[in-house]
Each structure stands twice: as structure tokens, then as C-alpha cells.
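First the structure, in the form of C-alpha cells, and then the observations on it.
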Amino acid sequence: MIVYMTERGKYFPPVEDKPRGLYVNLTNRCNNDCPFCLRQKKIMSAENSLWLENEPTVAEVLREFEKVNWAFVKEVVFCGFGEPTIRLTELLQLLREIRKNHPTIPTRLNTNGLGNLEHGRDITPDFENILDVASISLNAATAERYLQITRSKFGIAAYEAMLTFAEKIKNHVPQVVMTIVDHVTPPEEIISCKKICDERGLTLRVRPYESN
């Protein structure tokens with residue numbers, strides 16, 4: 001499934017007539033390999049999952065958008081089982097289309113913040129005026145712990161790169177939120193993560209672990 005709408009953790013076809021978030025997946029690929037991620041499940045439900053059999057083209061996503069009653073979309077979120085910035089060109093094109101056709105609907109990117117490493121350049125200016133919220137997975141309070149948790153293909157350098165990405169994208173996106181998962185983050189580490197975010201002028205959100 002490319003898109004779905006959700007309310008309180010329940011999934012619905014995108015034609016539902018209640019205000020809900022519209023979630024969009026562009027890829028299952030990720031440059032991290034977190035053991036707690038839902039992508040680690042062996043079986044995915046085709047009926048209510050963003051898991052993709054094939055990566056959609058921009059045209060395919062736009063056709064899915066045509067099925068949506070946009071009067072009841074409260075937010076568009078690019079997320080999924082992979083890292084959206086891996087398909088940066090398609091992501092940016094879709095964000096521009098949403099901003100052009102639905103300028104009052106907020107947009108959010110759920111990302112691991114490794115887009116600069118993935119593309120070998122600072123991609124944060126690309127989101128100027130087309131993205132409202134960047135939600136970045138912080139995951140840990142140290143580079144060593146981060147690598148242990150994420151098993152990033154970029155190694156130990158991934159942690160500082162993620163924090164730098166967060167600081168840079170603040171200059172181009174109205175709201176930046178760092179997230180950690182309560183199920184995998186000890187209370188004392190949550191305190192350390194809060195301190196890191198405070199020192200860098202970032203907002204921390206502790207989100208609940210989703211098991212299915």
C-alpha cells in the first residue's frame with residue numbers, strides 16, 4: 001500500500017470522511033537496520049500496511065492522491081518502512097505538488113536524519129517552503145549506543161551526522177522534533193537525550209513503542 005489514513009492507530013482507506021493523517025511510503029529501503037523496527041517483521045499485512053511490493057513512481061502516488069477526499073486530510077506524513085530521503089527526488093516533487101495543490105495542509109517527514117550522508121551533500125535547503133515538520137529519530141544519547149541500536153551502514157559517523165542534519169534543517173523547516181522510543185530507551189538515557197536536544201535548541205518527543 002502506498003498511502004493510508006489513520007486515526008488512533010487504526011487504519012482506513014484514504015476515502016474515509018473523518019479528519020485523519022495521510023501517510024505515504026516511497027520505499028522499504030533504509031540505511032539503518034534497527035532491530036525494533038516494524039520492518040523486521042517477517043509477515044506484513046497487505047490490507048493495512050505501508051509495506052511495498054514495488055517502489056511507486058511519482059505518477060502512481062499522485063493517482064492515489066486523486067482518490068483522497070482532501071477536505072478530511074489533517075496532515076500528510078512521508079514515512080513508511082524505509083527512509084524517505086533515499087528517494088529524495090521523488091519526495092521533493094511530491095512535497096511541491098502538495099504545497100501547490102493543498103497549501104493549507106501541513107506536511108511532515110519522518111526521517112532518520114541521514115539524508116546528507118546518503119546523498120553526499122547538505123540536502124536540508126531542498127525542504128525550504130515545502131515541508132512543515134521534520135521528525136528525526138534520535139534513538140540514543142551517544143554515538144556508540146546509537147550504532148548499537150540502529151546498525152547504520154554509515155558506522156559511528158552516523159550519530160553526529162544525524163544531529164548536524166537536525167541543526168541544519170531548523171533553518172529551513174518551521175518545526176523540528178527529535179524522537180526516541182520509550183520501549184528501547186532507559187529512563188536515564190531519556191534524560192541525557194533531553195539534555196542533548198536542549199543544548200542544540202531541538203525539541204525532544206518520547207514516543208510509544210508500536211509492536212504491530
How many nm separate the modelled label positions at Glu75 and Arg207, each set 7 Å beyond the Cα in the direction of the Cβ?
-> 0.9
Residue span Asn171 to Ala59: 0.36 nm per residue of separation minus Cα-Cα distance leaves a gain in nm of 37.3 nm
Here the range 21-29 yields Karplus 3J(HN,Hα) values (6.51, -1.76, 1.60; θ = phi - 60°; whole Hz; Gly and Pro given as x) of x, 9, 9, 10, 10, 10, 7, 8, 6
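Take the residue pairs Lys170/Lys194; Lys18/Lys170; Lys74/Lys100 and return only those whose Cα atoms are more than 22 Å apart.
Numbers: Lys170/Lys194 17 Å; Lys18/Lys170 32 Å; Lys74/Lys100 16 Å.
Table pairs above 22 Å Cα-Cα are Lys18/Lys170.
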Per DSSP, loop GluC sites (Glu not before Pro) in the range 115-145 with at most 12 further Cβ within 10 Å | Glu128
Nearest-0.05 FRET efficiency for Glu189 and Phe154 at R0 = 25 Å, using Cβ-Cβ distance, is 0.70
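Protein chains only, probe 1.4 Å: how do Leu204, Leu138 rank by accessible area, largest first? Could you put the intermediate results ahead of the total?
Numbers: Leu204 40, Leu138 0 Å².
My answer, sorted largest first, is Leu204, Leu138.
The values are calculated or read from the model by the stated rules, or taken from the named source; none is laboratory data. In this text the structure is predicted, and so the values were computed from the model without any measurement. Neighbour counts run over all protein chains shown; Cβ positions are idealised from the backbone, glycine included. Just so you know, the surface numbers come from the protein's heavy atoms only, side chains and all, with ligands and any DNA or RNA stripped out. Shrake-Rupley method; radii C 1.70, N 1.55, O 1.52, S 1.80 Å.
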